[in-house]
1. Determine, yes or no, whether Glu12 is in a strand (DSSP E or B) and under 22 Å from Ser135 (Cα atoms).
2. Taking the stretch 122-139, which residues are within 16 Å of Thr54 (Cα to Cα) and of a type in the set (A, V, I, L, M, F, W, C)?
3. Show the residue pairs meeting these rules: Cβ distance below 6 Å; 6+ apart or different chains; first residue within the stretch 97-108 and more than 13 Å from Asp128 (Cβ to Cβ) and touching a residue at least 60 places away in the same chain (Cβ under 8 Å); second residue polar (S, T, N, Q) and outside any strand (DSSP E or B).
4. Got a sec? Which of Ala75, Ala115 is buried (at least 16 other Cβ atoms within 10 Å of the Cβ) and part of a strand (DSSP E or B)?
5. Going through Glu31, Glu18 one at a time, which residue ends up being modelled with pLDDT of 95 or more, acidic (Asp, Glu) and closer than 22 Å to Ile76 by Cβ?
6. Testing Arg16 on (1) more than 24 Å from Ser123 (Cα to Cα); (2) surrounded by 14 or more Cβ atoms within 10 Å (Cβ to Cβ), one condition comes back false. Which one is that?
Amino acid sequence: MALAKMSVADVEQFLRVEFPQAFSGDDIMIESADGQTCLLRQRFSEKMLRPGGTVSGPTLMALADFAMYVVLLSAIGPVGLAVTTNLNINFLRKGQPGQDVLAEARLLKLGKRLAVGEVKLLSGTSPDPIAHVTSTYSIPTV
């Protein structure tokens, strides 16, 4: 397992200062981050739902992208300008209303300039993923 350059507390503090529009600490919780994987929980809110009562695609994409950013920060440290260059999502089943959404992210490859990872999105306690995401991040030179 890779050694984390930032702990969960470090990542949370960084995000509150540098990226408060995405992380205010009240709807998304970082449950773990170890430099190779992370687990995020987005608390259920009616704002997550689209017509028909399913969790919306934009909600899932945003959570997956944020999970990749968190796992990357835990791996490389406070590099705020790391940015998404590609995100691909496959919606597998309906996210259930009333359930938190969990994002399990892991880095597949961490290079000097690019990081590639995947995110499994889950609804509540169900072990069946509601979406699978692959993503690439660009890491700026320091």
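The values are calculated or read from the model by the stated rules, or taken from the named source; none is laboratory data. Keep in mind that what you see is a predicted model, and the values were worked out from it rather than measured. Neighbour counts run over all protein chains shown; Cβ positions are idealised from the backbone, glycine included.
1. no
2. Hits for the stretch 122-139 are Leu122, Ile130, Ala131.
3. Correct list of pairs: Leu107/Gln36.
4. Ala115
5. Of Glu31, Glu18, the one residue that is modelled with pLDDT of 95 or more, acidic (Asp, Glu) and closer than 22 Å to Ile76 by Cβ is Glu31.
6. Looking at each condition in turn, Arg16 falls short on (2).
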